[in-house]
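Below is one structure; the comments refer to it alone.
Rule-based calculations on the coordinates, nothing more; no lab input. Because the structure is predicted, anything quoted here is derived from the model rather than measured. Neighbour counts are summed over all protein chains in view; Cβ atoms, including those assigned to glycine, are modelled from backbone coordinates with ideal geometry.
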Amino acid sequence: MERKDFLKKALTLGGLAIIPAGLMTGCSKQNSSAPVNVDFTLDLTQPTNAVLNSVNGYLVINGVIIIRSSTSTFNVYSAACTHAGCTVYYDPATTNIICPCHTGTFSSVTGGVLTGLPPTPLTRYTATLAGANLTVKS
Ligand code: FES
């Protein structure tokens, strides 16, 4: 084997060795189960939660997605897509919840499946605002 062939082969093998494990898994199934025994409170005066002070603001935290739909309404669902477990996000333009993996869409009002591969709706949680504290529960 000539030197340039050896280097080419070594770089190829070395290059493969540094590919992050996450990229090697492709579209493998993630955890699509909804969180259970959810019970936490967010202080909306804290900068990390301040996005929820605006209508159409949303936050993914503790395995759920919290969407402020109006001044008095918060819709909370499992953040794990029911198809293969990818973390969903909220699209204010369409007011739908979107899965980035295979573009499944869910209603932000009901959590129901609108389009795509998800087989079941997102699990819903309750949200109660008391002053600046938002409590989320199963
Ligand atoms: S993981 Fe496939 S549509 Fe969400």
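Quick one: count up the residues across region 107-130 that are part of a strand (DSSP E or B) and more than 10 Å from the ligand (Cβ to nearest atom).
9
For region 45-91, how many residues are over 23 Å from residue 119 (Cα atoms), crowded, with 17+ Cβ neighbours inside 10 Å and touching a residue at least 40 places away in the same chain (Cβ under 8 Å)?
3
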